[in-house]
Amino acid sequence: MKLKAISVEQLALETEKTVNEARRQPIIVRAAGKTSLILRPLVDDETAEELLLQNRSFRDSIRAGRRRRAAGKGISLAEARRRLKA
């Protein structure tokens, strides 16, 4: 599949149209003739996971939770759901 490529200037002029198109197929955005980024939807589990793992505070909270669980201080799924509803 050949991906559509647009310039940064075209993206600026047609942002809404480009975002809607990118929901159907990835779009390459070029700046100064070089590929700068690829627009694609966040429905891909790997992409969402990658974004979450790049967030340091998110990674730190996962590590802290694992330490609490290893120390026997974890909570049940039912308790977590109860706390999140509050």
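No lab work stands behind these numbers, since they all come straight from the coordinates. In this text the structure is predicted, and so the values were computed from the model without any measurement. Note that we place each Cβ from the backbone using ideal geometry, even for glycine, and neighbour counts take in every protein chain shown.
Couple of notes before you dig in:
- For the chain, size of Cβ-based charge dipole, Lys and Arg +1, Asp and Glu -1, in debye: 700 debye
- Maximal additional length on extending the residue 53-residue 66 stretch stands at 3.2 nm, based on 0.36 nm per residue less the C-alpha distance.
- Expressed to the nearest 5 percent, the antiparallel share of DSSP beta bridges inside the chain is 55 percent.
- Approximate spin-label separation residue 80-residue 23, in nm, with each point projected 7 Å along Cα-to-Cβ: 3.1 nm
- Gaussian network model of the chain, Cα within-10 Å springs - most flexible of 62, 38, 75: 75
- Within the set [x] 67, 23, 18; [y] 55, 25, 25; [z] 42, 26, 19, the number that Cα extents along the principal axes in Å takes when calculated for this structure is listed as [y].
- Cross-link partners of residue 4 among lysines (Cα-Cα below 18 Å; sequence separation of 8 or more within a chain): 17, 34
- Each residue of region 77-84 was assigned a 3J(HN,Hα) from its phi angle through the Karplus expression (A = 6.51, B = -1.76, C = 1.60, θ = phi - 60°), giving 4, 4, 5, 4, 4, 4, 5, 6 Hz with x at Gly and Pro.
- Within straight-line reach of residue 2, meaning a Cα separation under 17 Å, sit the following aspartates and glutamates at least 8 residues removed in sequence or on another chain: 21.
- For residue 6, the amide hydrogen comes within under 5 Å of the amide hydrogens of 28, 29, 30, counting only partners 5 or more places away or on other chains and with H modelled in the peptide plane.
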